[in-house]
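First comes the structure, then the notes that go with it.
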Amino acid sequence: MSIFDKFQPIAATLQRLLQSGESPFGVVTEELLSATEGVINGKIVILAGTNNYLGLTFAPECIEAAKKALESEGTGTTGSRMANGTYSGHVNLERELADFLGTDSAIVFTTGYQATMGVVSTLMGQGDVILLDADSHASIYDGSLRGGAEFLRFRHNNVGDLERRLSGLGERASKALIVVEGIYSMLGDRAPLREIVEIKRRYGSYLLVDEAHSMGVLGEHGRGLAEEAGVEDEVDFIVGTFSKSLGSVGGFCVSRHPEFELLRYSIRPYIFTASSTPATIASARAALAMVRRHPEIRTKLWENAHRVYDGLKDLGFKVGPEASPVIATLMDNREHAVTAWNKLLSMGVYVNLVLPPAAPKSSSLLRCSVSAAHTPEQIDRIIEAYAVLVEKGDSAENYKVAIT
Ligand code: PMP
């Protein structure tokens, strides 16, 4: 008997995965050549499995800002936001985010996970009810579990199911928090936000939208799904991350409620961890400024996203329900997914492999993510690699699963 016995199933799964080739969960990028190219196993590959939607990780403006902050403010803050870890950069970024998103205040966290998990678990405690989409990210589930609130899952993007559950709550519905995501990270589909807002308004509930994958990506100004859907005034809380479109690390929450600032003194993942490094904050600020000043980067991203989505769909792959920078191809089983992932890597294309329970509905999928920085030739090569998968006898039938 050992405290490690419970991890044995992981060892068995890892061993099975290794039989098909590389370990999909142990990939080391040995060298980065650009936002879209790296060296893996000594070979140059196209990076099509990152969340680097705007390709800003190598933007000279962001690198310059980070370098400056590193040189003038040092490598780390060595303390929490509540103690010595709030520098002017953190406060300025909070102001810039509030200004960008049209709220009075913003709170910056060290990671997006901490932002979502911290806000949900602190806002919602015993006696409260959370209604969350079944495909929610782990940070939303963990926040719901940790705070001790009752939580009810509604079927993914199913407004009828959400309403049924809300109506069953009686008077408690007016204090319930509905949690959805802008773009869902696995299938790349959006929440039906206008309908959700309509229901929320009717029941007097609160709404939190995690725009981790949609900020910088959706909306005329890049403010996310709430902007695209024209419902920004109706969303009570928006959380997001700097680790995707902004090419840095960190997270934030904004709210239009004046009491929101009080959460700063209660959120444990804000209080009991060191704040982001000055360089991290500086590059996030520079990237946010680029989102605001350069809408053409977003236009390029969508051109690339449509090309890959249409390309893979035309090849017969079962893709997610709508085009987005996250393009999932659904596999009928884990073995096909692992084999296909290895084949793509051997053809110089890195994508993410997602296996149950991380993928929705116990499916296995390849998650290709597109960047504005992918060149037209790289987009061609990504589609060609998927085409070879089909030619090699792995009929696209293998990649089809019933998912609604
Ligand atoms: N929310 C969602 C929907 C996410 O997909 C992620 C990251 N995958 C996070 C939150 C956490 O963000 P971070 O990487 O900044 O911790």
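Less than 15 Å Cβ to Cβ from Ser136, Lys/Arg counted +1 and Asp/Glu -1: what total charge do the surrounding residues give? Spell out each step's value before the answer.
On the way: positive: Arg146, Arg153, Arg155, Arg165, Arg190, Lys361; negative: Asp133, Asp135, Asp142, Asp161, Glu181, Asp189, Asp210, Glu211.
Neighbourhood net charge equals -2.
Report in % the part of the accessible area of the range 273-404 that belongs to carbon and sulfur, leaving out ligands and nucleic acids; probe 1.4 Å. Let's see the in-between values first.
On the way: 2690 of 5050 Å².
Ligands and nucleic acids excluded, carbon and sulfur give 53 percent.
Could you size up the charge dipole of the chain around its Cα centre, putting +1 on the beta carbon of Lys and Arg and -1 on that of Asp and Glu, and report it in debye to the nearest 20? Spell out each step's value before the answer.
Working: 39 positive and 49 negative charges, 136 e Å.
That gives a dipole near 660 debye.
Once the other residues with Cβ under 13 Å from the Cβ of Arg293 are scored (Lys, Arg +1; Asp, Glu -1), what is the net sum?
Here the count lands on 0.
For the modelled label position 7 Å from the Cα of Lys313 along Cα-to-Cβ, which residues of the range 209-227 have backbone nitrogen atoms closer than 19 Å?
Within reach of a label on Lys313, which here means backbone N under 19 Å from a point 7 Å along Cα→Cβ, the range 209-227 contributes 218-219.
Give the shape of the range 114-224 as rounded, prolate or oblate, defined through the alpha-carbon gyration tensor: a ≥ b ≥ c are the square roots of its eigenvalues, a/c under 1.5 means rounded, and otherwise the shape is prolate if a/b is larger than b/c and oblate if not.
Numbers: a/c = 1.78, a/b = 1.27, b/c = 1.40.
Oblate, because a/c is 1.5 or more while a/b does not exceed b/c.
Hey, what did the range 6-83 get for relative contact order, percent, Cα under 8 Å, at least 6 apart? Please list the in-between numbers first.
Details: 43 pairs, mean separation 10.9, N = 78.
Dividing the mean separation by the residue count of the range 6-83 yields 14 percent.
Place a label point 7 angstrom from the Cα of Lys6 along the Cα-to-Cβ direction, then list the residues of the range 343-367 whose backbone nitrogen is under 19 Å away.
Residues passing the 19 Å test: 357-358.
Which entries in the list Lys43/Lys67; Lys43/Lys300; Lys318/Lys361 go over 18 Å, if you measure between the two C-alpha atoms of each?
Details: Lys43/Lys67 29 Å; Lys43/Lys300 27 Å; Lys318/Lys361 14 Å.
Cα-Cα > 18 Å for Lys43/Lys67; Lys43/Lys300; rest within.
Determine Rg/Rh for the chain; Rg is computed over alpha-carbon atoms and Rh is the Kirkwood hydrodynamic estimate from the same atoms.
Numbers: Rg = 21.3 Å, Rh = 22.0 Å.
Here Rg/Rh amounts to 0.97.
Assuming a ≥ b ≥ c are the square roots of the Cα gyration tensor eigenvalues, decide whether the range 55-194 counts as rounded (a/c under 1.5), prolate (otherwise, with a/b larger than b/c) or oblate.
Values: a/c = 2.65, a/b = 1.88, b/c = 1.41.
Verdict is prolate for the range 55-194.
So if I place +1 on the C-beta of Lys and Arg and -1 on the C-beta of Asp and Glu, and nothing else carries charge, what would the dipole magnitude of the range 59-293 be about its Cα centre? I want it in debye, nearest 20.
With only Lys, Arg, Asp and Glu charged at Cβ, the dipole is about 360 debye.
Keeping the other protein chains in place, figure out the carbon and sulfur percent of the accessible area of the range 33-174, with a 1.4 Å probe.
Values: 3150 of 6190 Å².
Whole-percent figure for carbon plus sulfur exposure: 51.
Please enumerate, by chain and number, the lysines with C-alpha under 19 Å from the C-alpha of Lys175, excluding those fewer than 8 residues away in the same chain.
Cα-Cα hits under 19 Å: Lys200.
Defining a contact as two alpha carbons under 8 Å apart and six or more residues distant in sequence, what relative contact order in percent does the chain show? Write out the running numbers ahead of the final one.
Details: 830 pairs, mean separation 87.9, N = 404.
Computed over the chain, the figure is 22 percent.
Over the chain, average the accessible area per residue using a 1.4 Å probe and give it in Å², no decimals.
Values: 17330 Å² over 404 residues.
Solvent-accessible surface per residue comes out at 43 Å².
Taking the Cβ of Ser266 as the center, what net charge do the other residues with Cβ under 15 Å away carry, scoring Lys and Arg +1 and Asp and Glu -1? Write down the numbers at each step before the final one.
Working: positive: Arg81, Arg146, Arg264, Arg268; negative: Asp128, Glu259, Glu261.
In short, +1.
Starting from the Cα of His306, step 7 Å along the direction of its Cβ; do the same at Glu259; then give the gap between the two resulting points in nm.
In this crude spin-label approximation the distance works out to 4.5 nm.
For the range 59-293, rounded, prolate or oblate, judged on the Cα gyration tensor with a ≥ b ≥ c (square roots of eigenvalues), a/c < 1.5 rounded, else prolate if a/b > b/c?
On the way: a/c = 2.21, a/b = 1.59, b/c = 1.39.
Prolate, because a/c is 1.5 or more and a/b exceeds b/c.
The values are calculated or read from the model by the stated rules, or taken from the named source; none is laboratory data. Being a predicted model, the structure only gives us computed values, none of them experimental. When we count neighbours, we look across all protein chains shown, and the Cβ atoms used for this are built from the backbone with ideal geometry, even at glycine. Side chains are part of the model used for accessible areas, which takes the heavy atoms of the whole protein and leaves out ligands, DNA and RNA. Shrake-Rupley method; radii C 1.70, N 1.55, O 1.52, S 1.80 Å.
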